[in-house]
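Remarks on the structure that follows.
The values are calculated or read from the model by the stated rules, or taken from the named source; none is laboratory data. All values reported here derive from a predicted model rather than from experimental measurement. Quick reminder, even Gly has a Cβ in these numbers, built from the backbone with ideal geometry, and neighbours come from all protein chains shown. Note: accessible area is taken over every heavy atom of the protein model, side chains too, but ligands, DNA and RNA are not part of it. Shrake-Rupley method; radii C 1.70, N 1.55, O 1.52, S 1.80 Å.
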Amino acid sequence: MARVELRGVTKAFGLVRAVQKADITFEEGSFTTLLGPSGCGKTTILRMISGLESPTSGDILIGDQRVNEIPIHKRNLGLVFQNYALFPHKTIAENIAFGLKYRSVEKSEMQERVKNALEVVRLPGVEDRYPAQLSGGQQQRIALARAIVIEPSVLLLDEPLSALDANLREEMRVELTAIQHRIGVTTIFVTHDQSEALAMSDRIIVMSAGNVEQVGTPREVYNAPRSEFVANFLGAANILQGEVVDSGPDGVAVDNEVFGTFPVSNGDLDGLRPGDPVRVVMRAEKVKLSRAPHGDGMAAAGQGSVEAVDYQGQVVRYFIRSGECQLQVIDMIEDRPFAVDEQVFVGVRGVDCSIVRS
Amino acid sequence: MSFILVYSFYENVDLAVDVAAFQFSNWRELFTDDYYHYAIWKTLRMSIIVTALAAVLGYIPAYFIAMTRFRHKWLLLLLLILPFWVSFIIRTLSWIHILGNQGAINGVLQWLGIVEEPVAMMFTELTVIIGFLHVFLPYMILNIYVSLEGIDRNLEPAARTLGCTPWQAFREVTLPLSIPGLGAGCLLVFVLTAGSYVTPLILGGPDDFLFGNLIYDAIISELNWPMGATLSFALLLLLGLVVVAYSRMMGLNQLYKAFS
Ligand SMILES: Nc1ncnc2c1ncn2[C@@H]1O[C@H](COP(=O)(O)OP(=O)(O)OP(=O)(O)O)[C@@H](O)[C@H]1O
Ligand SMILES: [Mg+2]
């Protein structure tokens with residue numbers, strides 16, 4: 001178990017900057033997710049931590065030791081690849097014991113540990129099969145078993161669930177978190193699936209194009225995105241143009257076409273002055289619709305008409321037109337849904353508004 | 001093929017005059033004459049040497065081509081196939097210009113003053129081996145390349161993170177998984193070498209012959225077709241045995257793969 005730290009790490013492949021000046025700390029025993037769209041540099045960060053790639057500049061620390069010059073096989077990390085990378089010519093037992101063999105573990109102890117690892121991933125008794133004889137989900141667990149059996153100081157997971165079908169993925173999501181809690185290993189998990197990230201992590205690091213956009217707990221990142229990118233990447237969000245009309249110690253007052261003047265106390269408030277243009281994020285499911293005017297609970301209130309309705313089973317997605325502006329609203333279906341062209345009142349609570357950098 | 005077999009029992013009376021018969025003199029000659037035994041032994045030895053050298057020399061470029069991140073990989077493969085456009089005989093003859101007494105190497109050595117007299121390098125067993133390697137190496141490389149390409153790129157890194165040095169990772173993962181391609185390449189090179197006669201004819205000295213040359217002599221020089229048929233059939237049987245032994249061990253799938 002160890003903490004992992006990146007200090008000003010940059011990785012360039014020719015002209016492509018896969019990672020730019022990343023300063024990230026992964027706390028000891030924590031479950032941290034690297035979240036971002038394809039090609040944003042998540043895998044590159046994992047590969048640098050594991051030693052498969054060396055940083056162009058900057059330092060990587062595992063525990064308190066700088067590991068830039070330490071070769072892969074001496075770093076004692078467990079890495080699970082997106083496609084599992086099980087050895088097809090070796091049995092499951094040989095696959096799992098592989099790392100132990102190179103740690104000169106005794107034969108009898110080796111068998112014991114392989115057995116334990118298979119129990120941890122809840123697949124006992126498959127020792128003598130070959131990887132090709134297992135299903136995707138089972139292979140995924142074997143890959144995990146192979147990584148944890150060496151008792152690594154850090155567990156690195158590169159989109160380990162992406163090859164599974166939806167049901168299995170949710171099952172494995174729960175199981176993976178449970179295993180991580182049980183063994184308490186520092187875990188870095190890579191995904192581009194926001195719901196996976198929100199469900200599993202202690203902390204989320206949102207990345208875009210080689211840059212760290214935001215670091216925080218799932219709640220922080222989801223409720224108070226600090227950039228438009230983060231707001232859009234995690235779920236559906238409305239981003240409204242506005243202007244600061246007043247600023248105080250607790251937040252600012254923003255004037256907007258739809259909602260008039262309303263207070264905002266979340267997000268990137270540093271150094272905002274009256275007259276500054278800003279953007280305000282409102283999550284689609286935090287915008288409330290009603291046929292009667294909203295009461296005092298809403299910090300921002302406005303009016304509009306329903307432009308389109310999109311049924312999605314449990315929820316409905318409405319598109320509300322208000323002047324030049326279109327709002328996206330996700331609502332649970334209760335009694336009678338709103339109809340197209342119906343006039344509605346729109347309201348958002350103060351805690352659900354957040355200012356992002358333009 | 002049965003025609004060859006039948007012919008091997010005919011009797012050769014004079015140059016190009018055969019009598020239909022059923023007699024074993026040709027086969028008896030093959031089994032008793034030391035000359036033929038020596039030829040078989042020499043052919044096997046030569047084939048094994050060439051195959052082993054080709055396996056080692058071919059693995060390295062195959063590995064390089066398969067692992068390179070170079071974007072224009074097809075170019076490297078094209079370079080490999082390019083020599084096939086030139087006649088095999090011309091490629092073999094070209095060694096005379098390199099290794100011969102008036103060849104490039106002797107030219108350079110003499111020009112540098114390292115040797116006074118040209119060093120005799122042509123018409124030895126070594127030149128024959130070089131000639132074989134030159135023409136058969138691409139088959140070996142392509143076969144190994146195909147099976148290396150089929151290996152998941154993440155396996156070696158996975159082995160590395162589990163504690164292997166680069167060499168250990170290669171030995172544990174890449175080498176065993178490329179055995180089918182290596183085997184197919186070896187089989188091809190072995191069979192091609194054992195059955196060839198042109199290379200020793202051009203590059204070998206007067207004493208350098210393989211079994212194929214005996215067939216050639218019997219048929220073209222002595223016009224003894226029945227003996228030629230006997231020798232051909234014997235070679236066919238021998239190589240057939242090798243192929244059967246191989247397919248028993250590895251299965252022939254990889255061969256199809258390499259050719260399709
Ligand atoms: N070996 C390499 N050579 C050149 N460019 C590379 C190499 N590896 C990655 N890149 C580039 O670096 C960038 C980041 O790649 P990376 O694999 O880290 O993305 P990722 O976030 O893991 O994406 P995905 O979700 O698709 O796996 C990409 O633009 C990619 O093209
Ligand atoms: Mg990736």
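Considering only protein heavy atoms, what per residue accessible area in square angstrom results for segment B:111-260 with a 1.4 angstrom probe? Display every interim value, and only then the final one.
Values: 6790 Å² over 150 residues.
The answer is 45 Å² per residue.
Pick out, from B:GLY58, B:LEU5, B:TYR35, the residue whose Cα sits farthest towards the positive end of the charge dipole of segment B:1-73, with +1 on the Cβ of Lys and Arg and -1 on the Cβ of Asp and Glu.
Among B:GLY58, B:LEU5, B:TYR35, the one farthest towards the positive end of the dipole of segment B:1-73 is B:GLY58.
What accessible area per residue, rounded to a whole number of Å², is obtained for segment A:225-358 using a probe radius of 1.4 Å? Show your work: numbers first, answer last.
On the way: 6650 Å² over 134 residues.
Ligands and nucleic acids excluded, the result is 50 Å² per residue.
Let me spell out the model: positive unit charges on the Cβ of Lys and Arg, negative unit charges on the Cβ of Asp and Glu, origin at the Cα centre of segment B:7-155. What dipole size does that give, in debye rounded to 20?
Working: 8 positive and 11 negative charges, 208 e Å.
That gives a dipole near 1000 debye.
Take every Cα pair under 8 Å in segment B:46-126 that's 6+ residues apart, average their separations, divide by the length, and report that relative contact order as a whole percent.
Details: 31 pairs, mean separation 12.9, N = 81.
Value for segment B:46-126: 16 percent.
Counting only Cα atoms, I'd like the Rg/Rh figure for segment A:1-78, Kirkwood definition for Rh.
Numbers: Rg = 12.0 Å, Rh = 12.7 Å.
My calculation of the ratio gives 0.94.
Report the gain in length on full extension from B:LEU78 to B:THR124: 0.36 nm times residue separation, minus Cα-Cα distance, nm rounded to one decimal. Don't jump to the answer; show the numbers that get you there.
Numbers: separation 46, 0.36 × 46 = 16.56 nm, distance 3.16 nm.
Length difference between fully extended and current span is 13.4 nm.
Using all alpha carbons of chain A, what is the percent of pairwise distances in each 20 Å bin, ordered from the shortest bin to the longest?
Distribution as computed: 26, 46, 24, 4 percent.
Taking the Cα of A:LEU168, stepping 7 Å toward and past its beta carbon, and measuring to each backbone N in segment A:45-86: which are under 19 Å?
Label zone hits: A:80-86.
What size of dipole, in debye to the nearest 20, comes out for the protein assembly as shown about its Cα centre when the only charges are +1 on Lys and Arg C-beta atoms and -1 on Asp and Glu C-beta atoms? Don't skip to the answer; put the middle values down first.
Details: 49 positive and 64 negative charges, 131 e Å.
In debye, rounded to 20, the protein assembly as shown gives about 640.
Counting Lys and Arg as +1 and Asp and Glu as -1, what is the net charge of the other residues whose Cβ lies under 12 Å from the Cβ of A:ASP246?
On the way: positive: A:ARG273; negative: A:GLU243, A:ASP250, A:ASP255, A:ASP276.
Around A:ASP246, the charge tally is -3.
Looking at chain B from every direction and averaging, what is the projected area of its Cα convex hull in nm²? Please list the in-between numbers first.
Values: hull surface 75.1 nm².
Result: a mean projected hull area of 18.8 nm².
For chain B, modelled as a GNM with alpha-carbon contacts under 10 angstrom, which of B:GLU172, B:GLU125, B:GLU149 fluctuates the most?
B:GLU172
When you look at the Cβ of every residue in B:150-157, what mean number of other chain Cβ atoms sits within 10 Å? Each step should come with its number before you reach the end.
On the way: counts 0, 1, 7, 3, 9, 7, 2, 9.
Whole-number average of other-chain Cβ neighbours for B:150-157 is 5.
Could you rank the peptides A:79-85, B:164-170, A:128-134, B:214-220 by their average count of other C-beta atoms within 10 Å per residue, with the highest value first?
Working: A:79-85: 23.1, B:164-170: 16.3, A:128-134: 14.0, B:214-220: 18.0.
With the highest mean Cβ count within 10 Å placed first, the list reads A:79-85, B:214-220, B:164-170, A:128-134.
For segment A:218-274, which GluC sites (Glu not before Pro) are both in a DSSP coil and crowded by at most 15 other Cβ atoms within 10 Å?
Numbers: sites: A:GLU220, A:GLU228, A:GLU243, A:GLU257; in loops: A:GLU257.
When the GluC sites (Glu not before Pro) of segment A:218-274 are filtered for loop state and at most 15 Cβ neighbours within 10 Å, A:GLU257 remain.
Using a Gaussian network for chain A with springs between C-alpha atoms less than 10 Å apart, which of these wobbles most: A:PHE189, A:PHE229, A:PHE338?
A:PHE338
Probe radius 1.4 Å, ligands and nucleic acids ignored: give me the carbon and sulfur share of the accessible area of the protein assembly as shown as a rounded percent.
Roughly 57 percent, rounded to a whole number.
Counting pairwise Cα distances across segment B:1-102, what percent come out greater than 18 angstrom?
Working: 3831 of 5151 pairs.
The proportion of pairs with Cα distances above 18 Å equals 74 percent.
How crowded by other chains is A:79-89, given as the mean number of beta carbons from other chains within 10 Å of each beta carbon?
Values: counts 6, 2, 7, 1, 4, 3, 10, 4, 9, 6, 6.
Mean number of neighbouring Cβ atoms from other chains: 5.
Per residue, how big is the convex hull around the C-alpha atoms of the protein assembly as shown? Give it to me in cubic angstrom, could you? Before the final figure, lay out the partial values.
On the way: hull volume 169.2 nm³, N = 618.
Value for the protein assembly as shown: 274 Å³ per residue.
Which GluC sites (Glu not before Pro) does segment A:1-93 hold that lie in a coil by DSSP with at most 11 other beta carbons within 10 Å? Present the calculation step by step, with values, prior to reporting the outcome.
Working: sites: A:GLU5, A:GLU27, A:GLU28, A:GLU53, A:GLU69; in loops: A:GLU27, A:GLU28, A:GLU53, A:GLU69.
For GluC sites (Glu not before Pro) across segment A:1-93 that sit outside H, G, I, E and B with at most 11 neighbouring Cβ atoms in 10 Å, the list reads A:GLU69.
What number comes out for the charge environment of A:ARG66, summing +1 per Lys or Arg and -1 per Asp or Glu over other residues with Cβ under 14 Å away? Intermediate values should be presented prior to the final figure.
Values: positive: A:ARG3, A:ARG7, A:LYS74, A:ARG75; negative: A:GLU5, A:ASP59, A:ASP64, A:GLU69.
Overall, the nearby charge balance is 0.
I'd like the GluC sites (Glu not before Pro) in segment A:102-155 restricted to DSSP loop residues with at most 14 other Cβ atoms within 10 Å, sorted by number.
Details: sites: A:GLU106, A:GLU109, A:GLU112, A:GLU119, A:GLU127; in loops: A:GLU106, A:GLU127.
Within segment A:102-155, the qualifying GluC sites (Glu not before Pro) (loop, at most 14 other Cβ atoms within 10 Å) are A:GLU106.
Mind checking which of A:ILE70, A:PRO263, A:LEU234 is farthest towards the positive end of the protein assembly as shown's charge dipole, using Cβ charges of +1 (Lys, Arg) and -1 (Asp, Glu) about the Cα centre?
Farthest towards the positive pole: A:ILE70.
With solvent modelled as a 1.4 Å probe, how much accessible area in total do chains B and A shield from it at their shared surface, in Å² to the nearest 100?
Values: alone 14810 and 17010 Å², together 29990 Å².
Buried surface at the B/A interface: approximately 1800 Å².
Given charges of +1 on the Cβ of Lys and Arg and -1 on the Cβ of Asp and Glu, with all other atoms neutral, how large is the dipole of segment B:150-236 about its Cα centre, in debye to the nearest 20?
On the way: 3 positive and 7 negative charges, 90 e Å.
So the dipole magnitude of segment B:150-236 works out to roughly 440 debye.
Evaluate peptide A:51-58: per residue, the Cβ atoms of other protein chains within 10 Å of its Cβ; return the mean as an integer. Each step should come with its number before you reach the end.
Details: counts 3, 6, 1, 0, 0, 0, 0, 0.
Whole-number average of other-chain Cβ neighbours for A:51-58 is 1.
Just report the Cα centroid separation between segment A:273-343 and segment A:164-180, whole Å.
34
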